[in-house]
Structures are given as structure tokens and as C-alpha cells.
Amino acid sequence: MKKIFCDIKKCIGCSACEIACAIEHSKSKKINEAIKEIPLPIKRRKAQAVDKGITISTGCHHCEDAPCVTACMSGAMYKDKKTGETKHDEDRCVGCWMCVMTCPFGALTRQKQDKIVVKCDLCPDRDTPACVEACPTEALFIGTEKEFEEKLCKSR
Amino acid sequence: MQIAIIGCSAAGISAIEAIRSKDKKSRITVISDEKRPLYSRCLISYLLAGTIDEKTIWYRPDGFFKQNKVDAVLGAKATKIDTEKKEIFFERVRLGGRVEKLKFDKLLIATGASPKLEKIPGVDKKGVFPLRTIGHTQEIQSMLGRVKKAAVLGGGLIGLRAAYALKNRGKEVSVFVRSPQILSQIIDEGSASMMQKHIEKKGINIVTGRSAKEISGKDSVSGIILDDGSKYDCELVIIGKGVSANIDLAKAAGIKTNWGIVVDEFLRTSDKNIFAAGDVAESFDVALEENSINAIWPVACEQGRLAALNMLGNEERYDGTLAMNSLEFFGLPVISIGITKPKKDIYEEIVRTDAEKNIYKKIVLRNNVIVGAIALNSVDTIGIFGALIKNKVDITPIKDIILEDYFDYGKIVNLIKGAKYGFKEKEFKETIMTL
Ligand SMILES: Cc1cc2nc3c(=O)[nH]c(=O)nc-3n(C[C@H](O)[C@H](O)[C@H](O)COP(=O)(O)OP(=O)(O)OC[C@H]3O[C@@H](n4cnc5c(N)ncnc54)[C@H](O)[C@@H]3O)c2cc1C
């Protein structure tokens, strides 16, 4: 399936992905208005420090045997049978945090005001996800695992 | 092939979906003594609380059986399994208990668990309920109009959820807990006392170290008598004293049972054609390193799925169960995984508390491998601990930062790279590939 990958060697931890993600998931999709929204738009991708000078941008890995889907007790978290994407139906979410409990990447975020969880949706309204487009070093990549491997091979 | 499934909740439903993802032809017959089983058991307290509507509780659509080509025998209780002839006998409750039988090639027992009832005088009075089925919720709801005060016996997950629900419905609620702390099966004393204070502040009365010795009243409940002789008047009593596995059917058939039905790493019972999954199954626990029952939803779903695949002739190995629970009361969340109250001194515990932010975090280690964790009010990255537990990673290099607020996936990247046996989940490969 197509999903977002991060090349740690290229990531500089600038957080451009975080900001782009939050704006894309705001009501207005504009930064000057997004920062005034209540609740504040939530980023679903995080730039994280690994070691001195090493960073990674991480979010939902859309796992094949997704533990969050298995754990979801309300049927809100599910696999898209066609694309393999891990999707979340906010209307069904009851905020039990079972997905948070089982995500091996800590990639889910609690939206406390409405008591629902939010996650990477691969930006359904765009051709290229906002984070990938915003990444200044091309560390982020959207494609299949094979395509990502090929890209790595070429760049190394 | 004829596949039979007894029980149609988390484990049974998950099994049906797994079978149909691989096999469109085999006949599937599911026998359930609940007439409308396609609801999420975990949500019945939410329904009682009124925080979800009826619609949300049906977590699979009405057309589920038809879509998956399943013969659903609903409102029927399996009464006997003949392992030699490979037959199940079942009684149709609605048809006056008419007995029928079904032949099977492979059978999944997913009969779940039943609430333990207190053996005290008066438990049979009107107004005393366990909370296990949607039927219980509906019965409780129908009498709520007459209830001003309620007592909950038991301070575990279900007891507290019930108390929360009743409080949300405007009832005056007291919870009586035999142990010195609430949630004693799930979290340790330190985190439990923080949760207890929080719940009490929101108006639920909690009495620890006390149990009921009698339920009083004529036909209906009028109160309870506690073990110190004191009385508490109420019109409703909910009993949340844990569950026991529904093993009678299997036991009578000569299938190996202990606390639950004993299964191997393929979810197979002592009979090679019969599998078991969910609250009824006793399997290897990866943290305890011995057999155990973790009666929780994610375990039931995963076991149901793997048992189903193995019934189809695959050899899908089950890594083992792991206890985990997630709870939130009045905005304060707590999640626990694995061993949280170690009894032997081979375990090491690291605790970090932050009184100002009302945070409590703990990990339990055995030889520098995490075997358990608690996170109260700082829960977002606890799933990473779960992965470290399952993959038995030596966490020595990150021991001093693992409980900090800034801990996240980035901090285990180097561990993944160095892990002796690698990480089982294939998605971790994506990270290693780029290092
Ligand atoms: C109020 C409540 C809240 C919960 N909250 C959580 C939570 O937050 N997180 C979590 O992980 N877990 C939670 N659980 C536990 C979770 O619901 C169970 O672990 C899960 O339902 C187990 O699924 P199962 O399919 O193994 O068994 P069950 O759900 O017990 O289903 C077994 C089914 O088989 C039927 N059956 C039994 N014997 C027979 C027979 N002889 N013939 C025909 N049918 C039979 C039963 O009637 C039942 O319908 C909660 C449970 C309750 C009651």
C-alpha cells in the first residue's frame, strides 16, 4: 500500500511536517486562521529526536495487522479493504484510548475536547500529503514500501 | 468444510471475519445464546451512562451474517459437544428448548466468561444486577426511574464503569471495595489512590476495605449490610466482582481445562479439531511467562482471528497474551500493561510522579526488560512500552529517560537497530532500513 515514509538520514527535525499537517487538518486550512481555531488543529505527525543531530518524522504506519484495529471496541478504527489504509470513523469513536494503548509507535493523538482520537489520514483532499510536500529535505516520501526502498538505494 | 463457532461476541465475530477474508466457500455456523449478539460488550456501560446512543453499540451492521454467508443460530444454547462424532447439541430457547445437533469439521469455542456473583444472602432480590450483557443494561435502565441511591460492589473496571454510568444518570452512588485499593487487578496502589481521589472529588463515594455481607429488602432491594454491621440504603445494587470463564461445555466433553480452556500456541485445545479463543481461553502470557487468562477485548479479537486462520489449515503462531487496560474517569485517563504489581524481588520498579500535573508513571523490569507499565494522565506513548514488552528488548540505554514526558518513538530507534532478535512487527523495518 501507499503510505508515508521517513528517511532518517535526511530528516533535520525542522517540524515543517508538523505544521503542514496541523494546517491541513484545520477548518480553514490557512495558518493565520488555523492558530485561532478552538480546539486547535492537531498534527498527526511528529518530528522526534533520536540522538544528537539525528531526528525522525513519524506518524501512523498503517500497519498490515494493525493492533489499533484489533483493539478498537467500537468499530471506529478499520482497514480500508481496497487501499490497506488504517482509517478512523470519528463518529463511532468513544474515546476509550484502546488504540493509544496498543499503537507500537505512539502515533495516535487524543483530541480531548470531543474525546476522540485523531490520526494520519494520508490527506484525502490532496494529491500529495501536506507533510510530504512541506518537507524541505525530501526526507518524507509517499509511495509503496518497494518504491521507498528503491529510492533509498538510489540516494545512497 | 463445516466450521462451527459457539459464542458470537468479540472472539466469534473476529473469527468469522478472518475466515471470510481467506475462504468464501466453507460453511460457517455460529451458535449464540444471545438473540442479538452483534454489539460491543465493552460499550454497555457507556449506553447505561447515556454517553453513546443505541446505534453506536451495534459495532457490526445488521446484514453481517448475510454478508459473510454465516448460518446464525441465535437464541440457542450449546449443551454438549461429542468430540468423537464431531457433533454439537444445542437447545433452541425460543422453541421450548428443542434439541438439535450440528456436525462439524472444525469447532471454535468462544463462549467467553460470566460474571462472578457474590455468595451472600439477598443476591436474588429484584434490583441486583451484574453488568455483562446488553440485556442487563436494558433491565437496569428500565428501573432507573425508581432509583435514587445505588451501591456498586467491587472496585474493578466494571464496577467503576457502572458507578460512573449511574452518577452520570444523576444517581447517588457508593462503591464498596473489599481490597485496600480500587482497580487492584489492574494498577498499583500509588496510581489507584490518585484515581480514587479524582473520582471522589467528582461525587462518587468510594469505601475501600469493606464488603457487603447481605443485601436486604423484601422482594426488591432496600439496602445492603456491610461486614462491619453498618447499613447503606439503596434501591439498586450492581455487582462487579470479576468474571469466570465459561468452560463447563468443554470440560464435560473431556477437553483439557484449568481456569480456562487450555490452548497451545496455535489456539488449539487438547482436541486437534477444536480451538478456543477469547475470555474462555487460557494461553501463554508473554509478561508472566506462564499460562493465564486476560479477559480483554483486544486479546479476544486477536485470538479469534488466529484461531480461525488455523482452523483453515494455516500455522499462524500466537505470540501470547498480554494484560492491558485503558480507563478514563471524569477526564483522568490511566492505561496499564502487563505486570503492574510485581510480587517477587526479581523485578525492578521505576516510578515517576508529578503532583502538579497529576501524573503517575511506572515501569516494571525483569533483567532490564520491561514486563509491565502504568501511565496515569500521560498515556500517549504507552503503546511503545507494549512493543518493548512483546519484543523483550533490553532497555538499559534509555532507562533514565523512559518515563519522561518527552519520551517518544524516536527514543527507541537505536534500540530497534540493536535489538537482539529484531522486532516482530514488520513496520519497524521501515525505520531500520533508513538508518
Ligand atoms: C461492562 C464491560 C466493560 C468492558 N470493558 C472493556 C474494556 O474497556 N476493554 C477491554 O479490553 N475489555 C473490556 N471488557 C471485556 C470484553 O468485553 C471481553 O473481553 C470480550 O467481550 C470477550 O469476548 P469473547 O468473545 O471472548 O466472550 P464474550 O464477550 O463473553 O462472548 C461470549 C458469547 O458466547 C455466548 N455463550 C456462552 N456460552 C454459550 C453456549 N453454551 N451456547 C451459545 N452461546 C454461548 C455468550 O452469551 C456470549 O454472547 C468489558 C466487559 C464488560 C462486561
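All of the numbers you see were taken from the coordinates with simple rules; none came from a lab. In this text, all values refer to a predicted model and were calculated from it rather than measured experimentally. Neighbour counts are summed over all protein chains in view; Cβ atoms, including those assigned to glycine, are modelled from backbone coordinates with ideal geometry.
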With +1 on the Cβ of every Lys and Arg and -1 on the Cβ of every Asp and Glu, the dipole magnitude of the protein assembly as shown about its Cα centre, in debye rounded to the nearest 20, is 960 debye
Residues other than residue B:94 with Cβ under 14 Å of its Cβ, Lys/Arg counted +1 and Asp/Glu -1, net out at +1
In the stretch B:323-411, the trypsin sites (Lys or Arg not before Pro) that sit in a DSSP loop and have at most 10 other Cβ atoms within 10 Å of their own Cβ are B:343, B:344, B:357
Too long for a 29 Å Cα-Cα cut-off, among A:36/B:357; B:80/B:341; A:81/B:101; A:30/A:82; A:27/A:151, are B:80/B:341; A:81/B:101; A:30/A:82; A:27/A:151
Applied in sequence order to the stretch B:362-375, the curve 6.51 cos²θ - 1.76 cosθ + 1.60 (Karplus, θ = phi - 60°) yields integer Hz couplings, x standing for Gly and Pro, of 8, 10, 10, 10, 10, 6, 6, 10, 5, 10, x, 7, 10, 9
For the stretch B:244-258, in residue order, the Karplus 3J(HN,Hα) values (coefficients 6.51, -1.76, 1.60; θ = phi - 60°; whole Hz; Gly and Pro = x) are 10, 5, 7, 9, 3, 4, 5, 4, 4, 7, x, 7, 5, 10, 9
Cα-based Debye curve of the stretch A:62-119 sampled at q = 0.20, 0.29 Å⁻¹ gives log₁₀ I(q)/I(0) of -0.65, -1.33
In chain A, taking the dipole from +1 charges on Lys and Arg beta carbons and -1 charges on Asp and Glu beta carbons about the Cα centre, the listed residue (A:98, A:63, A:153) farthest towards the positive end is A:98
Restricting to Cα pairs under 8 Å and 6 or more apart, the percent relative contact order of the stretch B:178-335 works out to 15 percent
Once phi for every residue in the stretch B:79-96 is put through the Karplus expression 6.51 cos²θ - 1.76 cosθ + 1.60 (θ = phi - 60°), the whole-Hz ³J(HN,Hα) values, with Gly and Pro written as x, are 10, 7, 10, 9, 6, 6, 7, 6, 10, 10, 9, 9, 10, 7, 4, 6, 8, x
Answer in debye to the nearest 20: the dipole magnitude of chain B about its Cα centre, from +1 Lys/Arg and -1 Asp/Glu charges placed on Cβ, is 1160 debye
Largest fluctuation, B:206, B:363, B:401 only, Gaussian network model of chain B with Cα springs under 10 angstrom, belongs to B:401
Scoring only Lys, Arg, Asp and Glu (+1, +1, -1, -1) among other residues with Cβ under 12 Å from the Cβ of residue B:400 yields +2
Out of A:75, A:95, A:59, a Gaussian network model of chain A with alpha-carbon springs under 10 Å gives the largest mean-square fluctuation to A:75
Most exposed to least, judged by fewest other Cβ atoms within 10 Å, A:73, A:98, A:1 sort to A:1, A:73, A:98
Listed with the fewest Cβ neighbours within 10 Å leading, B:14, B:222 appear as B:222, B:14
Treating only Lys and Arg (+1) and Asp and Glu (-1) as charged, each at its beta carbon, one finds that the stretch B:391-435 has a dipole about its Cα centre, in Debye to the nearest 20, of 340 debye
Between the modelled labels at residue B:58 and residue B:435 (7 Å from Cα along Cα→Cβ) the distance in nm is 4.9 nm
FRET efficiency for residue B:36 and residue B:116 from the Cβ-Cβ distance with R0 = 35 Å, rounded to 0.05, comes out at 0.90
Over all directions, the stretch B:110-180 yields a Cα convex hull whose mean projected area in nm² is 5.7 nm²
Per the Cα gyration tensor, the stretch B:339-434 corresponds to an equivalent ellipsoid with semi-axes, largest first in Å, of 23, 17, 10
Rounded to 0.05, the calculated FRET efficiency for the beta carbons of residue A:126 and residue B:21 at R₀ = 35 Å is 0.70
Volume per residue (Å³) of the convex hull spanned by the alpha carbons of the protein assembly as shown is 168 Å³
Among B:239, B:7, B:307, the residue whose Cα sits farthest towards the positive end of the charge dipole of chain B (+1 at Cβ of Lys and Arg, -1 at Cβ of Asp and Glu, taken about the Cα centre) is B:7
Per-residue average of other protein chain Cβ atoms inside 10 Å, peptide B:377-387 -> 5
Per the charge dipole of the stretch B:339-434 (beta-carbon charges, Lys/Arg positive, Asp/Glu negative, Cα centre), the residue among B:401, B:379, B:432 reaching farthest to the positive end is B:432
Per residue, the convex hull enclosing the Cα atoms of chain B spans a volume in Å³ of 163 Å³
Residue B:266 neighbourhood, Cβ < 9 Å, K/R = +1, D/E = -1, net charge -2
Dividing the mean separation of Cα pairs under 8 Å (6+ apart) by the residue count of the stretch B:117-241 yields a relative contact order in percent of 37 percent
If B:179, B:142, B:336 are placed from fewest to most neighbouring beta carbons inside 10 Å, the sequence is B:142, B:179, B:336
